[in-house]
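Derivation of every value follows stated rules applied to the coordinates shown; laboratory data play no part. Worth saying up front: this structure is predicted, and the values here are computed from it rather than measured. All Cβ positions, even for glycine, are placed from backbone atoms using ideal geometry, and neighbour counts span all protein chains on display.
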Amino acid sequence: MAADTIVPAAIIGCPVGFVGAAESKKALARTGSDSTSWLAVHGTRGGSAMASAVINALCLQADKRMAGGNSVGSEA
């Protein structure tokens, strides 16, 4: 990504369980791109369950928007 060969739609930074997880998330926050949306959970928490929850929430919001429903922050 540093060489601009890969342009992701979004970056979700929720690593856990390895040395340097917190540092990796801080690096994402420092180098966040203006053209790519990103989310990082700061500190030592994270993991696949949290990343899955983020993906599920984003899919729910996209589904609501496509159906003409409410936007972010509303369950109605």
Here FRET efficiency (C-beta to C-beta, Ala62 to Thr31, R₀ 35 Å, nearest 0.05) is 0.85
Using θ = phi - 60° and the Karplus form 6.51 cos²θ - 1.76 cosθ + 1.60, what ³J(HN,Hα) does each residue of segment 40-53 get, whole Hz, x for Gly and Pro? 9, 8, 6, x, 9, 7, x, x, 5, 5, 5, 4, 5, 5
Let me make sure I get this right: for segment 10-66, a, b and c are the square roots of the gyration tensor eigenvalues over alpha carbons, sorted descending. Under 1.5 in a/c it's rounded, otherwise prolate if a/b > b/c, else oblate. Which is it? oblate
Amide H to amide H under 5 Å from Trp38: which residues, 5+ apart in sequence or cross-chain, H placed 1.01 Å off N in plane? Ile11
What is the gain in length, in nm to one decimal, between Val54 and Val19 on full extension, counting 0.36 nm per residue of separation less the C-alpha to C-alpha distance? 10.3 nm
